[in-house]
Amino acid sequence: MAIAEKIKLTDYLPSDCAAGKTLWIGGEWESAADAQTFASIDPASGHELAQIAQGKAIDVDRAVQAAKVAAKTWAAMDGMARAAILRKAAELIREHRQALGTLDSIDSGKTISETAGRNVDGTAGMFDFYAGITDKIRGSVIDMGPKTTGLVEKEPYGVVGAISPWNYPMSNAATKIAPILACGNALVLKPAEQTPLSALLLAHILDQAGLPKGVFNVVTGLGAEAGAALVDHPGVPKLSFTGSTATGRRIAAAAGQNLKSVTLELGGKSPLIVFDDADLDAAASGAVTTVFMNQGQTCTSCAKVLVARSLVGSFISKCQEKVAAIKIGDPLDPANDLGPIVSQVQLERVKKLLAQGAAAGAKQVELKADYKPLDGGNFIAPVILTDLDPTNPLAKEEIFGPVMAVYPFDTDDEAYAAANDTQYGLAASVWTNSLARAEVARRVINAGIVWINCVHTLSLNTPVPGRKASGLGSEYGWEAMDNYMRLKTTVTMFGGYQGLF
Ligand code: NAI
Ligand code: MG
């Protein structure tokens, strides 16, 4: 029996919301106006965790109206006051470490060691980081001559609509919530329908931290209903979305009709290049980490692995050794490194891509992970492929599952061409001991973030700016603040105005 089956949600969530009132609007827990709900499923066992309110356009509208009113109060507070609340939220997030971690684990299948560990650290860190910036927002003065002053100020948008994904539910939501609030905006969050639970506890925590009611609102529901309604709402001038490129394109097109500003963090098909002068053990560790962590469900996963031909055999042997140490099973067992895939739909998607690859001649390397799937769960063991035709859909599309594809290369130029041969441009990881090669790689690879002799090495201050079909704008760091403020220029003349007429 999965450990999640013994969990009582009332131990982790406010009682109203554990009982299905999961819309957080204007500081109250509410049901959907039409009372409709949907099930939140534990992907480790397939059993139902909770009934979640299925918000629609009418509920989104209520949330936007509440946010509109509260945005004025929040924007009028000075930065120091906003910072104090965000800092308090960070403290409370750390105090709720086990609860937040457990909710994300049972909802998404992520392991408790990750969710209650680095994901809670990252979530709390986001609030601390942006608390440190909210009181340091400045504008500038333009020299316009002796009797004229030009001012450029940064102002919040008012209400921001945030739509978050299921692969890092709480930390991805926090990546939006913290800078949006720090910039003085109110927001309406639509968490992914697969993983709404941790956002509910975050709402409670922000309330406890003293955030004025209505500044943060959550509308649970489906993408095509609540998500689309948030995108179309005329009271939401700014949208922030993380998810698939297909949905990102749809959102950008809809936002284009209303000329809304959008920040998009989308998919990737990121390369990892192992040159013949690389530290092979470190490179194999990097490859196994980036491909298999979180069951491959990471936007910056560098799963297209390009290896200098002379090293392919020894590289694969090292990967086999490292995979043998991975423990896969119940995500709530702290001994496990990996759990199931988030949903049956996603598991079927990964299996379909694997079948397409196999039909076209891709071969699977023999792997012996410590694999203990639970009955009814969406488990899949790690896969390493060779002989995959680069034109196969498996080689072209984002897999979002634990699948590494290894391709040999002969020349540096061949490796770079393969690395850039994708519609995406999110991340890359390059392994070499040559300074010259590292420098060339950094310049030639068309991706927002290039890791040299490391992978997924990030701090809260490190922007991740997607290119091409991987996104618009940049989350994390100071740069995220630019997403959520708009400029206003004021020109003041003190006497001496002369018009044309
Ligand atoms: P999705 O992009 O459809 O879902 C992400 C979020 O968008 C969810 O909150 C969903 O409710 C919302 N959404 C869906 N349709 C919408 C619409 N028309 N208007 C507004 N919001 C909408 O992704 P999905 O279907 O769950 O996963 C499919 C693939 O997307 C994955 O296999 C993976 O390749 C990619 N993905 C990438 C992520 C990333 O971190 N960049 C995160 C999640 C998925
Ligand atoms: Mg779930």
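DSSP loop trypsin sites (Lys or Arg not before Pro) in segment 126-193 with at most 11 other Cβ atoms within 10 Å of their Cβ, which ones?
Taking segment 126-193 and a limit of 11 other Cβ atoms within 10 Å, the loop trypsin sites (Lys or Arg not before Pro) found are K136, R138, K147.
Over segment 360-501, what is the relative contact order in percent, taking alpha-carbon pairs closer than 8 angstrom and at least six residues apart?
This gives 15 percent for segment 360-501.
Relative contact order, percent, of segment 22-82 when contacts are C-alpha pairs under 8 Å separated by at least 6 residues?
Result for segment 22-82 is 29 percent.
Based on DSSP, what percent of beta bridges with both residues in segment 353-474 are antiparallel, to the nearest 5?
Rounded to the nearest five, the antiparallel share is 40 percent.
For segment 47-192, what is the percent of antiparallel DSSP beta bridges, rounded to the nearest 5?
DSSP beta bridges in segment 47-192 are roughly 45 percent antiparallel.
Give a quick list of GluC sites (Glu not before Pro) in segment 1-90 that DSSP marks as loop, anything other than H, G, I, E or B, with at most 15 other Cβ atoms within 10 Å.
Here no loop site has a sparse enough neighbourhood.
Once the other residues with Cβ under 9 Å from the Cβ of I25 are scored (Lys, Arg +1; Asp, Glu -1), what is the net sum?
Around I25, the charge tally is -2.
Order of 228-238, 380-390, 452-462 by packing, highest average Cβ count within 10 Å first?
Descending mean neighbour count gives 228-238, 380-390, 452-462.
I need the Debye-formula profile for segment 54-134: one equal scatterer per C-alpha, no solvent, reported as log10 I(q)/I(0) at q = 0.20 1/Å, two decimals.
Log-scaled intensity ratios, in q order: -0.93.
Calculate the length of the line joining the C-alpha centroid of segment 323-359 to that of segment 51-84, in whole Å.
One Cα centre to the other: 37 Å.
Using 31 Å as the Cα-Cα cut-off, could you pick out the over-long pairs in K213/K238; K351/K468; K176/K368; K68/K88; K190/K269; K8/K327?
Those over the limit are K176/K368.
Taking θ as phi - 60°, what are the ³J(HN,Hα) couplings along segment 94-104 by the Karplus curve (6.51, -1.76, 1.60), each to the nearest whole Hz, with x for Gly and Pro?
Result, ordered by residue: 5, 5, 9, 3, 5, 5, 4, x, 5, 4, 5 Hz.
With the Cα gyration tensor of segment 143-183 giving a ≥ b ≥ c as the square roots of its eigenvalues, does the rule (a/c under 1.5 for rounded; else a/b larger than b/c for prolate; else oblate) give rounded, prolate or oblate?
prolate
Return an integer: the convex hull volume of the alpha-carbon atoms of segment 310-423, in Å³ per residue.
122
Could you tell me how far the Cα centroid of segment 376-411 sits from the Cα centroid of segment 435-501, in Å?
Using only Cα atoms to place each centre, the spacing works out to 31 Å.
When the Cα atoms of segment 400-451 are enclosed in a convex hull and the volume is divided per residue, what value in Å³ results?
99
Starting from the Cα of A246, move 7 Å in the Cα-to-Cβ direction to define the label point; list residues of segment 265-295 whose amide nitrogen is under 18 Å from there.
Residues 265-269 qualify, since their backbone N sits under 18 Å from the label point.
Give the separation of the Cα centroids, segment 115-180 to segment 224-255, in Å.
The distance from the Cα centre of segment 115-180 to that of segment 224-255 comes to 20 Å.
Return the percentage of antiparallel bridges among DSSP beta bridges fully within the chain, rounded to the nearest 5 %.
Around 45 percent antiparallel, to the nearest 5.
Where does the chain land at 222 nm, in deg cm²/dmol rounded to the nearest 500, when only DSSP H runs of n ≥ 4 count, each adding -39500 (n - 2.57), divided by all residues?
Mean residue ellipticity, 222 nm, calculated: -11000 deg cm²/dmol.
Scan around W451 for amide H atoms under 5 Å from its own, H built in the peptide plane at 1.01 Å from N, and keep only partners 5 or more places away or cross-chain.
Those qualifying (amide H under 5 Å, at least 5 residues apart or on another chain) are A428, S429, V430.
Under the definition of Cα pairs under 8 Å and six or more residues apart, what whole-number percent is the relative contact order of segment 35-116?
29
Does the chain classify as rounded, prolate or oblate by the C-alpha gyration tensor (a ≥ b ≥ c root eigenvalues; a/c under 1.5 gives rounded; else a/b over b/c gives prolate, otherwise oblate)?
oblate
All of the numbers you see were taken from the coordinates with simple rules; none came from a lab. Predicted model, so just to flag it, every value in this text is computed and none were measured. Cβ sites come from the backbone with ideal geometry, for glycine too, and all protein chains shown count toward neighbours.
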